[in-house]
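Step one of this worksheet: look at the structure below.
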Amino acid sequence: MPIAPSTYYEHTSRQADPSRQPARWHREQALVPIIDRVWKENRQAYGARKVWRQLHREGVPVARCTVERLMRLAGLQGVVRGKPRKWIGQEM
């Protein structure tokens, strides 16, 4: 897929110098450690919704979808609680 040379050079210059990255990139780099801290403080059980709610309690304005995306990129996942499965022959 062909791209314009200016696009290529802009990309390589941003990779070499992080100060040229967009404002969104800088904000997300600052948010990831905060999200990680909240997730770890709550025994790694909180999902994106509860992490987002805790961030708002602490006064960090961020969208829930942003928290979801950053948690997914960082590999952070809340505990999934569900119904216990019944197996054939299992005594209850």
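The values are calculated or read from the model by the stated rules, or taken from the named source; none is laboratory data. Computed from a predicted model, the values in this text were never measured in an experiment. Using ideal geometry, Cβ is built from the backbone for each residue, glycine included, and neighbour counts are taken over all protein chains shown.
Worth pointing out:
- Residue ranges of helices (runs of 4 or more DSSP H) in the chain with at least 3 members surrounded by 13 or more Cβ atoms within 10 Å (Cβ to Cβ) and touching a Leu at 6+ places or on another chain (Cβ under 8 Å): 23-41, 64-74
- Within the range 65-92, being within 16 Å of residue 29 (Cα to Cα) and not hydrophobic (A, V, I, L, M, F, W, C) holds for 66, 68, 69, 72, 75.
- Flag for residue 37 being modelled with pLDDT of 95 or more, within 22 Å of the chain's Cα centre (by Cα) and closer than 17 Å to residue 65 by Cβ: no
- The one condition from (1) in contact with a His (Cβ under 9 Å, 6 or more places away or on another chain); (2) touching a residue at least 40 places away in the same chain (Cβ under 8 Å) that residue 36 does not meet is (1).
- Taking each residue of the range 71-85 that is closer than 18 Å to residue 35 by Cα and at pLDDT 85 or above and looking for partners that are exposed (fewer than 10 other Cβ atoms within 10 Å of the Cβ) and not charged (D, E, K, R) with beta-carbon atoms closer than 9 Å, six or more apart or interchain, yields nothing.
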